[in-house]
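The block underneath contains the structure these notes are about, expressed in structure tokens.
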Amino acid sequence: MHIRDPIHGAIELTADERALVDSPQYQRLRNVKQLGFADLAFPGATHTRYAHGLGAMAMATKVFDAFAPQLELELDDRARLRQTLRLAVLFHDLGHAPLSHATEAIMPHIAELRVPDWAREPGERRAGHEDYTLKLLLDSALSAEIRRRFSSRGIEPEHIAGLICGRPSPGPYPYRSRGRDLLPILRQVVSGELDADRMDYLQRDSFFTGVNYGKFDADWIVQNLAAVERDGRVYLALLHRAVFAFEDFLLSRYHMFLSVYFHSTSVGYEVLLQRWCESGEYSLPADPDEYLLHDDIALLSALRASQNPWARRIVRRQGYRVLMENAPGEDARALRRMEDELEAAGVDGFVTVSRGVLSHYGKEATLWVKSPRGELPIGEYTPLYERYAEAATLARLYVEPERWDEARRLLTID
């Protein structure tokens, strides 16, 4: 079957893939908005994680089909790895909570999810959406459905989860072909410098918010993908003639952070939501079946039923107003001093520091560049890449709207 998509056109699904898309675990994402509160500022931004997963899978397929012929894989290996990658990218956001990132602060402790040790990051911490993704893949009815439909082709839920978390499961290693380890390049398509996730959501978020900043030449990038082998491991590479398109891709991401992902309206409402969540009226369960009942509809219903003042503000769209905003990257200490002054005068306010990682520079397997100078890591080929290795930050001071004028006078703001 084909699903019509405004970004990628007709997205093809096999009968077995459609069965997984029809599962309750994936269908929940129909009711989880991709950008949380962003539709309060961009009315068209009501698109969902459901559509994004399908689009990212389509993008991942284009990427795989671009570099796979260069690897001369065995036919069975090629089909198996291609299918595993498609499912990993389809499901990479499976565990997102209501309003996407806005409610991650109320997720339970990671120990309560009982994700296998091999799949999760070590340490004592609160669970994140990726932990829920792995839980749903490895310990829910979806796991059994994947085994029933794909085990005969050598694909297990653990193999899909391994691409999502970047760590192989115990047992036979599924990412090797012709003596080469393909986990690095497959993982880079799921999460890396040129991953299918970013290549879809930048275009999709740009389209639905109505801004132009997320556009880049995806076709030229895909047409110039390659593979590089180092010590028996295969990595993603880009031909040198397309590096300018990759630089444009980085700039698009930076501009989307400033114009959309860090928009003052959605950032401010996320703080109000966190204040409401601290009241204990709403929590997210660790049980995977109970988690399926939690989506944007359930959260908004709980907000409407609440008499909590923070819930009432959200429902009535009475968000706090921005009093001061720093230039991107500027230190937030001056804003925090202003916040203290307002608190001393009895005016409620808060400082937000929005932070987004633009690249995985030095943290994951590197993207390589094939050039007349040889094969080089992207950071050695273009200085623009290293420039954007640091996180993008934007700090703001918000105050209660009813006392905004008073706050300006107290701080002698013209």
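Only the coordinates and a few stated rules stand behind these numbers; no lab work does. In this text, all values refer to a predicted model and were calculated from it rather than measured experimentally. Don't worry about glycine lacking a Cβ; one is built from the backbone with ideal geometry, like all the others, and counts go over all protein chains shown.
Details
- DSSP-defined beta bridges in segment 167-287 - what % are antiparallel, rounded to 5: 90
- Point-to-point label distance, residue 317-residue 75, nm (Cα→Cβ direction, 7 Å offset): 5.8
- The residues packed around residue 232, meaning those with a beta-carbon under 14 Å from its beta-carbon, carry a net charge of +2 if Lys and Arg are +1 and Asp and Glu are -1.
- The angle separating the long axis of helix 141-150 from the principal Cα axis of greatest extent in the chain is about 20 degrees.
- Mean residue ellipticity (222 nm) of the chain, computed from DSSP H runs ≥ 4 via -39,500 (n - 2.57), nearest 500: -13000 deg cm²/dmol
- Shape category assigned to segment 107-180 from the gyration tensor of Cα positions, a/c cut at 1.5: oblate
- A DSSP coil position with no more than 16 other Cβ atoms inside 10 Å describes the following trypsin sites (Lys or Arg not before Pro) in segment 281-341: 317.
- Other residues within the sphere of radius under 11 Å centred on the Cβ of residue 64, judged by their own Cβ, net out at +3 (K and R +1, D and E -1).
- Multiplying the residue separation of residue 1 and residue 402 by 0.36 nm and subtracting their alpha-carbon distance yields 139.0 nm.
- Segment residue 223-residue 348, extension gain: residue separation times 0.36 nm, minus the distance between their alpha carbons: 39.7 nm
- Charge dipole of the chain about the Cα centre (unit charges at C-beta), most positive-ward option of 410, 367, 58: 58
- Label-point separation, residue 279 to residue 233 (7 Å along Cα→Cβ), nm: 4.9
- The region of the chain that goes longest without hitting one of the GluC sites (Glu not before Pro) in a DSSP loop, each with at most 15 other Cβ atoms within 10 Å, is 125-277.
- Measuring r between the beta carbons of residue 65 and residue 117 and using R0 = 45 Å, the FRET efficiency lands at 0.85.
- Dipole axis of the chain (+1 Lys, Arg; -1 Asp, Glu on Cβ), positive-most option in 218, 377, 237: 218
- Shown here for segment 63-121: trypsin sites (Lys or Arg not before Pro) in loop regions (DSSP other than H, G, I, E, B) with at most 16 other Cβ atoms within 10 Å, namely 114.
- Dipole magnitude of the chain about its Cα centre (Cβ charges: Lys, Arg +1; Asp, Glu -1), debye to nearest 20: 540
- Simple rule: put +1 on each Lys or Arg Cβ and -1 on each Asp or Glu Cβ in the chain, find the dipole, and look at 308, 345, 356; the Cα lying farthest toward the positive end is 356.
- 9 Å beta-carbon shell around residue 214, net charge (K/R +1, D/E -1): +2
- Student exercise, segment 258-342 dipole from Lys, Arg, Asp, Glu Cβ charges, in Debye to nearest 20: 540
- Axis angle, to the nearest 10 degrees, between helix 129-138 and the longest C-alpha principal axis of the chain: 40 degrees.
- Our estimate of slack between residue 41 and residue 355, defined as 0.36 nm per intervening residue step minus the Cα-Cα distance, is 111.1 nm.
- A Förster radius of 60 Å, combined with the Cβ-Cβ distance separating residue 30 from residue 413, puts the computed FRET efficiency at roughly 0.85.
- Tilt relative to the chain, helix 75-90 - C-alpha long axis, 0 to 90 degrees, to 10: 10
- Rounded to the nearest 20 debye, dipole of segment 131-216 from Cβ charges on Lys, Arg, Asp, Glu: 360
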